[in-house]
Structures are given as structure tokens and as C-alpha cells.
1. Within the stretch 11-36, which residues are over 22 Å from Ser75 (Cβ atoms), in a helix (DSSP H, G or I) and free of Cβ contacts under 8 Å to residues at least 24 places away in the same chain?
2. Please find, within the stretch 65-78, the residue that is surrounded by the most Cβ atoms within 10 Å (Cβ to Cβ) out of those that are under 17 Å from the mean Cα position of the chain (by Cα) and part of a loop (DSSP other than H, G, I, E, B).
3. Answer yes or no as to whether Leu39 is part of a helix (DSSP H, G or I), open to solvent by less than 100 Å² (accessible area, probe 1.4 Å) and modelled with pLDDT of 95 or more.
Amino acid sequence: MSTTEAVPRDADADRWADVRDLPPSAKLVAKVLDYNETLSQSQLAEETLLPPRTVRYALTRLEDEDVVESRFSFSDARKRLYSLKI
């Protein structure tokens, strides 16, 4: 018998609890942000292959759940950069 304990999968599940009931597009955007850390809306549309309008909707839903944070891009103040809080 092994004396080491396995890390429970519940820790990862709790991390995504706020996203679980969101639409599939929001889940996809959250997962892409999880892999890439910080992306603009156009980069998210390119990575997810979703239309820009769907990405905007997904980001709005994620912001409503306080899962993502946004900030202005230093290179182009017209763009916002998004990253996960979780």
C-alpha cells in the first residue's frame, strides 16, 4: 500500500464552479484563457473559432460571474486584454 495521498480532483472542480452553468461559448473562452493567460477579444475569436459577437457575449457572461478581468492594452488603448481570475 502506498503512504502518499492522491490530490483530490475536487480542488480543480471547485475552481471551475462559477463557470459550470454558463453557456458552452463562455466555457470555451474561459478554457482558452486558462491556456493562454491574456488575450484580446480578436485573439479569442481567432483561437476559439467563434464569431466576435459570440466572444463578446461569452466575455460579458464571464465578467458577470467575476471570472475574468480586463484591462486596457498598453500597445493599443482601443483594445482590452482579458485574463482569468480563477
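The values are calculated or read from the model by the stated rules, or taken from the named source; none is laboratory data. All figures in this text were calculated on a predicted structure; none of them were measured in a lab. Note: ideal-geometry Cβ built from the backbone for every residue, glycine included; neighbour counts use all protein chains shown. Heavy atoms of the whole protein, side chains included, go into the accessibility calculation; ligands, DNA and RNA do not. Shrake-Rupley method; radii C 1.70, N 1.55, O 1.52, S 1.80 Å.
1. Selection gives Ala11, Asp12, Ala13, Asp14, Pro24, Lys27, Lys31.
2. Checking each candidate, the answer is Val67.
3. Against the criterion (part of a helix (DSSP H, G or I), open to solvent by less than 100 Å² (accessible area, probe 1.4 Å) and modelled with pLDDT of 95 or more), Leu39 does not qualify.
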